[in-house]
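We did not get these values from a lab; they are worked out from the coordinates using the rules stated. As the structure is a prediction and not an experimental result, all values here were calculated from the model. A quick note on method: Cβ atoms are made from the backbone with ideal geometry, for glycine too, and the neighbour counts reach across all protein chains shown.
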Amino acid sequence: MDRRSFLKSAAAVAAGALAPPPAFAAPPTILNLDTRIIEVNGKAASVFGIMQPDGTPGLSIDVTQPFRVEVRNNLDRISLIHWHGLTPPYRQDGVPYVSAPPIPAGAAQGYDFPLAFSGTFWMHSHVGLQEQELLSAPLIIHEATPSSTQEVVVMLHDFTFENPDDIFAQLRNQAGKASAQPAAMTMQGAKPDLNDVDYDAFLANDRTLADPAIVKADPASTVRLRIINGSAASNYWISFGGLRATLVAVDGTGVQPMQITSPLPLAVAQRADILVDLPSGAGAYPVLAQVEGKRERSGIVLATTGAAIARIDPLAAQPSPPLDLSLERALVSTEPLAPKPADITRDVPLTGDMAAYVWMMNNQVYPNITPIMVTANRRVELVMQNKTMMSHPMHLHGHRFQVVGIDADRFQGAVRDTVLVPPQKTVAIAFESDNPGRWAFHCHNLWHLEAGMMTVVDYEGIPMPKYLG
Ligand SMILES: [Cu+2]
């Protein structure tokens, strides 16, 4: 190590010492933030990862256990990990400068809080564009009563060999060039814009469909698929290889079981738990995720012992249509909020400025925002009106919300943490303000987030920590 990098790492360790891990009651699970090499399209790719010391990605724990983790940042840059879908005390939520300072290179940070519910969640960096470089992993919380059903976690990623910073610069640059023309994102009746970025590959558990993961399963058995859309900016339609498929949870929260007979929409950051029933006899069943508006697919194959596994063309015959809200309208939660009128309602317009590639909530560009203020222990409704021509997968931290409205229709829909708001649509969500703090509320399309599409839901009476200045 030369003197300069020694000083750099010594400074990083000193800075890390400012935010020591809590005194753990029992040894925490270590999660290392590291670089790793995967193979994509026959080429080596250096990506990030969140792994336990034995190499297991992410975390799988029992809901009766506390969430007790030490994140070790072995990267050469700052980072901070968000526990997507959990409802921790806000200082442990992992959003830089909202909940805590980032973890310096070479430093560690501890987390310790009780879990409130089981389900399929995930973890990802909330710093810059690190999520595009695969700094994310599954976070599975098992029910107190163990199940004998085989479980298969499928984590989807969009992948690029390009440096994300360069991509973002290109988006801003192209937008600038297009400024002489009317901005598509504000044109009424124009075709929706589906994908800002052309990706090099789409991955399921780090593999392309040219060389998919083959998962052994028994004939005449049921498999629980836990599908996580960990993509930075890609929505998918999921299909189940002709298997009988039953949706049982979205974003880790139960829904009344629903038979899935056509491809299932899964927006950025959303999760779906699906029970698939394998018939008797040998067989191979591809579980495929086709990118919205494209022919590209990724996926895994469930296969019984001895089944012949055919090669799957990564390209579907036809580009898929845009995601819509027809499934969202049909979902019924098994854990709904008590029916109650809203105490606090806030309109949250979703807008954009194509000339500058800027995306906004409340017509403001993060971090130059005025927080949405709420009082504790109220029913809060946020009404998101998408005035743009792109869809926005909107995520609220620290709470589970119920989808209660689409355009003029009111209903008691799914309880989840991320909902898609398609172009020109209005979606209303409701939640109980029962987790005091300061919470990020943002579009989970990473390019939109980077371009300013985030605000903060702030409880009255929370003192502003020093590092937030
Ligand atoms: Cu967006």
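Remark: region 104-111, residue by residue, has Karplus-estimated 3J(HN,Hα) of x, 4, x, 9, 10, 9, x, 9 Hz, where x stands for each Gly or Pro and the curve is 6.51 cos²θ - 1.76 cosθ + 1.60 at θ = phi - 60°. Ranked by the mean number of other Cβ atoms within 10 Å per residue, highest first, peptides 108-114, 54-60, 155-161 order as 155-161, 108-114, 54-60.
Stretching Thr370 away from Asn195 to a fully extended chain increases their span by 60.1 nm, per 0.36 nm per residue minus the current alpha-carbon distance. Rounded to the nearest Hz, the phi-derived 3J(HN,Hα) couplings of region 295-301 under the Karplus curve 6.51 cos²θ - 1.76 cosθ + 1.60 (θ = phi - 60°) are 8, 5, 9, 10, x, 10, 10, where x marks glycine and proline.
Using Cα pairs closer than 8 Å and at least 6 residues apart in sequence, work out the relative contact order for the chain, in percent. Please list the in-between numbers first.
Numbers: 1225 pairs, mean separation 65.4, N = 469.
Answer for the chain is 14 percent.
With a cut-off of 15 Å between beta carbons, the residues surrounding Arg297 carry a summed charge of -2, where Lys and Arg count +1 and Asp and Glu -1. Please give the charge dipole size of the chain, origin at the Cα centre, charges +1 on K and R Cβ atoms and -1 on D and E Cβ atoms. Round to the nearest 20 debye. With only Lys, Arg, Asp and Glu charged at Cβ, the dipole is about 220 debye. Looking at the chain, the DSSP beta bridges with both ends there are about 75 percent antiparallel. Kirkwood analysis of the Cα pair distances in the chain returns a hydrodynamic radius of 22.9 Å.
Summing +1 for each Lys or Arg and -1 for each Asp or Glu, what net charge is found among the other residues whose Cβ lies under 15 Å from the Cβ of Thr222?
On the way: positive: Lys216, Arg224, Arg226, Arg244; negative: Glu151, Asp218, Asp273, Asp277.
Result for the local shell: 0.
Sites counted here are GluC sites (Glu not before Pro) in a DSSP loop (not H, G, I, E or B) having no more than 12 other Cβ atoms within 10 Å; the longest part of the chain that contains none of them is 144-459.
Taking only alpha carbon atoms, region 15-140 gives an Rg to Rh ratio of 0.96, where Rh is the Kirkwood radius. Spatially close Lys pairs in the chain, defined by Cα atoms under 16 Å apart and a spacing of eight or more places or different chains, total 4.
A Förster distance of 35 Å, applied to the separation of the beta-carbon atoms of Arg410 and Glu39, puts the FRET efficiency at 0.10.
After finding the eigenvalues of the alpha carbon gyration tensor for region 344-468, what semi-axes result from the square roots of 5 times each, listed largest first in whole Å?
On the way: eigenvalues 93, 79, 23 Å².
Each semi-axis is √(5λ); the values are 22, 20, 11 Å.
Other residues lying with their Cβ under 10 Å from the Cβ of Gly49 contribute a combined charge of -2, Lys and Arg counting +1, Asp and Glu -1.
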